[in-house]
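**Q** There's a structure below that I have some questions on.
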Amino acid sequence: MSALVDKAVSLFSELPPAERFHVRARAFSAPLEAVAWRVPAGGTVADVGCGHGLLSALVALEDPSRTVYGVDPDPRKILWASQGPGRLPRVHFEQGTVESLAERRPAAFDSAVVCDVLYLLPRERWPEFLLTVRRLLRPGGRFLLKEAEGDGSWKHYKCLAQEWVMVKMIGRTKAGGGLVLEPRGTVESLLRDAGFKVSETVELDTGYTTPHILYVAEAT
């Protein structure tokens, strides 16, 4: 792990062993640092579906002038996030959803990050979810969407099997009936329909057993 990731993981040192293990496994298995360094400098950042807050920590540590708001519907994870990176001076966590955040703080964010959230939602909810993320952003705000690509590869099917275990068997991750991966063309089209201009699509799966892909978009 890089020095930045090590520093972020160290923020969780006082959490119970199972939670520390979960955070460390997340740091090893997902290219979150590559997402964090594409967040524009400074400004206010929404981390939707923040979980334990590892990405929030990376975003805040990479540029301490940023203010980060993490939101997640799981009260357990918000508790762990508050006891970890929530101790940083410009990082805030709350239990809720993208809808509740957009209702309270419409057009209040310079950027938004969403990592590994869409696949947990029913496919029919994706357009509404992306439209709500758009409501969070000021015009020209950046949206960074990191998902696993539905490309039909062995990584695709390994990812689905792994998440089925995490969601259905041991309940480490909450899902709303999803577990769906879509090809990049479908996701890019959904982003355009929601009012985003896709400026870059980045493959981030090198060295990983999950087909990580990042969509970089701007609110139009």
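The values are calculated or read from the model by the stated rules, or taken from the named source; none is laboratory data. The structure displayed is predicted, hence computed values, not measured ones. Cβ placement follows ideal geometry from the backbone for every residue including glycine, while neighbour counts extend to all protein chains displayed. For the accessible areas, the whole protein counts, side chains as well, though only heavy atoms, and no ligand, DNA or RNA atoms are used. Shrake-Rupley method; radii C 1.70, N 1.55, O 1.52, S 1.80 Å.
**Q** Please report the spacing between the Cα centers of segment 182-219 and segment 89-117 in Å, no decimals.
**A** That distance is 20 Å.
**Q** Let me ask something else. Does segment 1-88 come out rounded, prolate or oblate by the C-alpha gyration tensor, with a ≥ b ≥ c the root eigenvalues, rounded set by a/c under 1.5 and, if not, prolate when a/b is larger than b/c and oblate if not? Walk me through the intermediate numbers first.
**A** On the way: a/c = 1.67, a/b = 1.25, b/c = 1.34.
Oblate is the answer for segment 1-88, as a/c is 1.5 or above yet b/c matches or exceeds a/b.
**Q** State, to one decimal in nm, how far the label point of R105 lies from the label point of A34, with both points 7 Å from Cα in the Cβ direction.
**A** 2.7
**Q** Here is a further query. Say we join alpha carbon atoms closer than 10 Å with springs in a Gaussian network model of the chain; which of G84, G141, G152 then has the biggest fluctuation?
**A** For the chain, modelled as a Gaussian network with Cα springs under 10 Å, the answer is G152.
**Q** Once a ≥ b ≥ c are taken as the square roots of the eigenvalues of the Cα gyration tensor of segment 105-148, is the result rounded (a/c under 1.5), prolate (a/b larger than b/c) or oblate (a/b not larger than b/c)? Walk me through the numbers on the way to the answer.
**A** Values: a/c = 2.87, a/b = 1.64, b/c = 1.75.
Note, shape of segment 105-148 comes out oblate.
**Q** For K158, K77, write out the residues from largest to smallest accessible area, computed with a 1.4 angstrom probe and no ligands counted. The partial results should precede the final answer.
**A** Details: K158 55, K77 25 Å².
From most exposed to least exposed: K158, K77.
**Q** Further question on the same structure: When the chain is modelled as a GNM with alpha-carbon springs shorter than 10 Å, which of L120, L191, L58 fluctuates the most?
**A** Result for the chain, Cα springs under 10 Å: L120 fluctuates most.
**Q** Another one. With +1 on the Cβ of every Lys and Arg and -1 on the Cβ of every Asp and Glu, and nothing else charged, how large is the dipole of the chain about its Cα centre, in debye rounded to the nearest 20?
**A** 380
**Q** Quick one: of the DSSP bridges fully inside segment 50-165, what percent are antiparallel, nearest 5?
**A** The antiparallel proportion sits near 0 percent.
**Q** Would you mind calculating the relative contact order of the chain from Cα pairs under 8 angstrom and at least 6 residues apart, reporting the percent as a whole number?
**A** Rounded, it is 18 percent for the chain.
**Q** Any idea of D205's accessible area? Nearest 10 Å², probe 1.4 Å.
**A** In the full protein context, D205 sits at about 40 Å².
**Q** Springs between alpha-carbon pairs under 10 angstrom, Gaussian network model over the chain: which of Y157, Y69, Y119 fluctuates most?
**A** Comparing Y157, Y69, Y119 in the GNM, the peak value goes to Y157.
**Q** Now, a different point. Label A3 and R90 with points 7 Å out from Cα along Cα→Cβ: what is the distance between them in nm?
**A** With each label point 7 Å from Cα toward Cβ, the separation is 2.0 nm.
**Q** Positive end of the dipole of the chain, charges at C-beta (+1 Lys, Arg; -1 Asp, Glu), about the Cα centre: which of P16, Q162, L55 has its Cα farthest in that direction?
**A** P16
**Q** When DSSP assigns beta bridges and you keep just the ones with both residues in the chain, what percent turn out antiparallel, to the nearest 5? Display every interim value, and only then the final one.
**A** Working: 14 of 34 bridges.
Expressed as a percentage, antiparallel bridges in the chain total about 40.
**Q** Moving on to the next point. Put H22, H92, H52 in order of accessible area, largest first, 1.4 Å probe: what do you get? Don't skip to the answer; put the middle values down first.
**A** Details: H22 40, H92 75, H52 10 Å².
Ranked from most to least accessible, the order is H92, H22, H52.
**Q** Based on the Cβ-Cβ distance from S10 to R125, what FRET efficiency comes out when R0 is 45 Å, to the nearest 0.05? Before the final figure, lay out each step's value.
**A** Numbers: r = 36 Å, r/R0 = 0.79.
In this case the efficiency is close to 0.80.
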